[in-house]
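Written out below as structure tokens is the structure these notes cover.
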Amino acid sequence: MSFQVVANARALAQGLMNHWFELAAGGTDNHLILMWVGKWRGQFMQDALDVAGITMNKNTIPNEPCSPFHPSGVRMWTPIMTSRGMKEAEMQQVADWMKRVFDNVSKFDYSPDKQERKKILAAFKE
């Protein structure tokens, strides 16, 4: 693993923590970052970031309070961004964009009730 991949991951992790995001292990020592985005919100973040051109996966977090199908976290990695020439400054920009997306997504919340959840998902997709 290249030095720049890890440097970028650390810079992205720090940028996210500067926006008050909670990261598993309080940061990263490798290319992978696992971030808590709120109960049930992993799917919302994954979908909204995908529309914004930032690809990542919904993921369970340690001591996950929800189901693996509707997790509370997202996981991201930096090798592809690094291979495209991005460095630490661009990682801060990515963290800023993720915060903007989160601010829009945070008004949506899954419901344990399946019918209510369908309504919320429909509103989110609009």
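Bridging of residue 125 to aspartates and glutamates at a Cα separation below 12 Å is possible for 47, once same-chain residues fewer than 8 apart are set aside.
Taking a sphere under 13 Å around the Cβ of residue 110 and counting the other residues whose Cβ falls inside, with K and R at +1 and D and E at -1, yields a net charge of +4. Looking at segment 1-85, the chymotrypsin sites (Phe, Trp or Tyr not before Pro) that sit in a DSSP loop and have at most 11 other Cβ atoms within 10 Å of their own Cβ are 20, 69. For segment 51-66, putting each phi into the Karplus relation 6.51 cos²θ - 1.76 cosθ + 1.60 with θ = phi - 60° gives couplings of 4, 7, x, 10, 9, 7, 10, 5, 7, 6, 10, x, 6, 3, x, 10 Hz, in residue order, rounded to whole numbers and with x for Gly and Pro. Just to be sure I understand, if you calculate Rg and Dmax of the Cα atoms in Å for this structure, which of [x] 14.7, 48; [y] 14.9, 43; [z] 16.5, 55 do you get? The value matching this structure is [x]. Under the convention that each Lys and Arg Cβ holds +1 and each Asp and Glu Cβ holds -1, the size of the dipole of the chain around its Cα centre is about 240 debye. Applying the criteria of a DSSP loop state and at most 16 other Cβ atoms within 10 Å to the trypsin sites (Lys or Arg not before Pro) of segment 1-77 yields 39.
No value in this document is a laboratory result; all are computed from the given coordinates. Note that the structure is a prediction, hence the values are computed from the model and not measured. Positions of Cβ are generated from backbone atoms using ideal geometry, with glycine treated the same way; all protein chains shown enter the neighbour counts.
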